[in-house]
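Trainee: Here it is: the structure, laid out below.
Read-outs: derived from the displayed coordinates by stated rules, not from any lab. Because the structure is predicted, anything quoted here is derived from the model rather than measured. Cβ placement follows ideal geometry from the backbone for every residue including glycine, while neighbour counts extend to all protein chains displayed.
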Amino acid sequence: MADGRGLFDGFEAQRSPTDKDYRSVLRDGIVALDTNVLLDLYRMNSQVRMDMLTVLESTKERLWVPHQVIAEFWRGRQSEEFINYHEKKSETAKDALRNSYERARRALDEWVKNVHVGEREDITAPMYGELHQVEEIFDRLGKLLEKQADADRVPGLRDTNIDPVILKLDELFEGRVGEPYDSDRNSKEVSIAKERAENQQPPGYLDFENAKKSDEDAAGDYLLWRQILDRAREQQKNVLFVTRDLKEDWWRKSPPKATRLPRIELIQEFLDAVGGRFFMVEPSVLMQKVSTIFKLERKVNEGSVAALQSFEFTEDRDTEGISAGSGSRFRLAQVPGGRAADYSEAIWSMTRIARENTTVEECIHAFMKEFPSVTLAPEARRRFFNIVSLGLAEANGKTIYLTREGEKFFETKDPELLSRMLMERIDGAFEARNAIRSGMNHSELKDALASHPDLDLSSTQVELLLRWMGKLGLLEK
């Protein structure tokens with residue numbers, strides 16, 4: 001008879017979950033939801049929203065929501081950007097259509113001028129006539145976008161007495177929301193979160209790198225995690241945590257299309273604290289597994305899982321890297337290779353990738369192949385979208401293409417063009433350049449940019465901006 005230890009003894013966290021494991025935790029464990037799962041109900045289209053609520057209804061007996069999640073949910077639900085989500089997405093798409101028409105108009109005007117046929121209406125009139133039809137088509141598309149935004153918007157969102165999402169969640173979560181910590185316990189846990197962050201102990205340590213966040217806000221992920229551990233130990237149950245947060249302080253590094261798994265440290269900490277197993281999935285995976293296990297095929301639209309996967313891929317991005325700061329100003333992400341990288345060469349490689357591929361997903365895959373040091377798809381996307389921030393490419397849904405400036409940079413590798421695009425588009429670049437020219441030294445410049453009333457740059461973002469500008473020779477007086 002065999003004696004001694006087995007392969008997984010002492011290494012239980014290495015065991016990959018099976019369908020049987022998911023079936024077990026969905027039938028007899030705790031299904032804990034993250035804040036983004038709740039807020040995303042408002043961002044989803046109407047069909048996916050309805051199907052996700054059906055999925056949550058099917059797991060009602062297992063549902064539990066940490067108090068931290070509910071606090072973040074009510075805080076996040078108040079913002080106007082959130083309330084007007086579908087209108088803003090519709091306007092963004094309409095702006096892209098208008099910009100496409102304007103670029104086509106300018107291109108035709110330039111051609112007419114260059115070949116000197118401005119007086120030849122027999123040549124130009126048919127061309128402008130076709131262009132006018134394109135304008136009319138784009139106008140009709142704009143109206144269809146507005147109509148869909150109206151259909152996808154949650155009715156009565158501003159009134160919690162009639163908001164159908166709130167009414168359903170209120171029903172589902174009755175008696176299933178955790179208690180808040182008292183002030184002493186909360187202060188203690190925030191201090192622990194800060195200590196863990198200094199040692200890069202997951203989850204949530206990345207939030208402490210954001211200088212704009214207070215310790216209380218930065219500790220949010222850890223507080224959520226601590227409350228999950230408390231509940232699981234109290235109930236002696238395994239936990240399935242559902243989140244769209246794909247930061248590396250929650251998940252292991254993995255190739256783009258591989259099944260995501262939680263950090264080993266989290267599984268081990270759960271095992272040590274509770275004696276059970278911890279699982280983690282994205283909302284689309286929850287939908288797929290619940291639909292199969294509880295036989296919801298007739299209740300959940302077969303296209304909703306794919307739609308939710310696409311939504312997750314699109315929405316999950318670190319806005320520090322690709323979102324506008326104020327107006328049409330954008331922010332930069334890191335370049336593969338760090339401080340030693342040749343920034344112009346790296347950006348040129350990204351334009352080549354965008355030129356050779358037609359979808360964002362293909363580009364991210366190619367980017368990770370070319371820069372293997374970047375192992376997480378969300379991080380690869382954030383860095384790859386530098387070319388969008390710089391105006392060298394445009395992304396519209398799943399597709400991406402080079403702009404005229406991007407094509408020119410691809411052909412010439414002109415560092416002056418890259419510098420010009422950075423100065424025109426990147427938040428804080430103009431202010432930094434003016435400050436340098438006025439005689440401000442680099443140390444003073446960092447403080448000035450971080451405290452500038454018209455900018456919203458953290459110290460990390462300021463460092464990154466100045467590194468870019470230094471690499472391109474833009475910090476010379």
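Trainee: Quick check: Cα centre of the stretch 405-471 to Cα centre of the stretch 142-163, how many Å?
Mentor: One Cα centre to the other: 39 Å.
Trainee: Counting every Cα pair in the chain, what percent are over 45 Å apart?
Mentor: Of all Cα-Cα pairs in the chain, 20 percent lie more than 45 Å apart.
Trainee: Below 13 angstrom from the Cβ of Glu130, what's the summed charge of the other residues (Lys, Arg +1; Asp, Glu -1)?
Mentor: Net local charge, Glu130 excluded: -1.
Trainee: Please state the relative contact order of the chain as a whole percent: Cα pairs under 8 Å, 6+ residues apart?
Mentor: RCO, the chain: 15 percent.
Trainee: Tell me which chymotrypsin sites (Phe, Trp or Tyr not before Pro) from the stretch 1-104 have a DSSP coil assignment and no more than 10 other beta carbons within 10 Å of their own.
Mentor: Phe8
Trainee: Please give the FRET efficiency for Asp122 paired with Ser459, using the beta carbon to beta carbon distance and R0 = 45 Å, rounded to the nearest 0.05.
Mentor: In this case the efficiency is close to 0.10.
Trainee: Using the C-alpha atoms of the stretch 369-440, what convex hull volume per residue, in cubic angstrom, is computed?
Mentor: 133
Trainee: If I fit a long axis through the Cα atoms of helix 67-76 and take the longest principal axis of the Cα atoms of the chain, what angle between them do I get, 0 to 90°, rounded to 10?
Mentor: For helix 67-76, the angle is close to 20 degrees.
Trainee: Still on this structure: Quick check: Cα centre of the stretch 1-55 to Cα centre of the stretch 116-137, how many Å?
Mentor: About 58 Å separates the Cα centre of the stretch 1-55 from the one of the stretch 116-137.
Trainee: In terms of the Cα gyration tensor, with a ≥ b ≥ c the square roots of its eigenvalues, is the stretch 233-311 rounded because a/c is under 1.5, prolate because a/b exceeds b/c, or oblate?
Mentor: oblate
Trainee: In addition: Rounding to the nearest 10 and keeping the result within 0 to 90°, find how far the Cα-based axis of helix 343-356 lies from the longest principal axis of the chain.
Mentor: That works out to roughly 90 degrees.
Trainee: With the cut-off at 26 Å, tell me which of the pairs Lys113/Lys398; Lys88/Lys143; Lys188/Lys289; Lys253/Lys398 have Cα atoms farther apart than that.
Mentor: Where the Cα-Cα span goes over 26 Å, the pairs concerned are Lys113/Lys398; Lys188/Lys289.
Trainee: State the Kirkwood hydrodynamic radius of the stretch 160-266 in Å, one decimal place, computed from all pairs of distinct Cα atoms. Present the calculation step by step, with values, prior to reporting the outcome.
Mentor: Working: mean 1/r = 0.0630 Å⁻¹.
Evaluated over the stretch 160-266, this radius sits at 15.9 Å.
Trainee: Quote the relative contact order of the stretch 346-477 in percent (integer), defining contacts as alpha-carbon pairs under 8 Å separated by 6+ residues. Intermediate values should be presented prior to the final figure.
Mentor: Working: 126 pairs, mean separation 25.2, N = 132.
The value is 19 percent.
Trainee: Shape call for the stretch 78-174 from the C-alpha gyration tensor, a ≥ b ≥ c root eigenvalues: rounded (a/c under 1.5), prolate (a/b greater than b/c) or oblate?
Mentor: Since a/c reaches 1.5 and a/b is larger than b/c, the shape of the stretch 78-174 is classed as prolate.
Trainee: I've got another one for you. Nearest 500 deg cm²/dmol is fine: what mean residue ellipticity at 222 nm does the chain get from its DSSP H runs of n ≥ 4 alone, each adding -39,500 (n - 2.57), divided by its residue count?
Mentor: Taken over the chain, the calculation gives -18000 deg cm²/dmol.
Trainee: Can you compute the modelled spin-label distance between Ser100 and Asp215, with each label point 7 Å from Cα toward Cβ, in nm?
Mentor: 5.1
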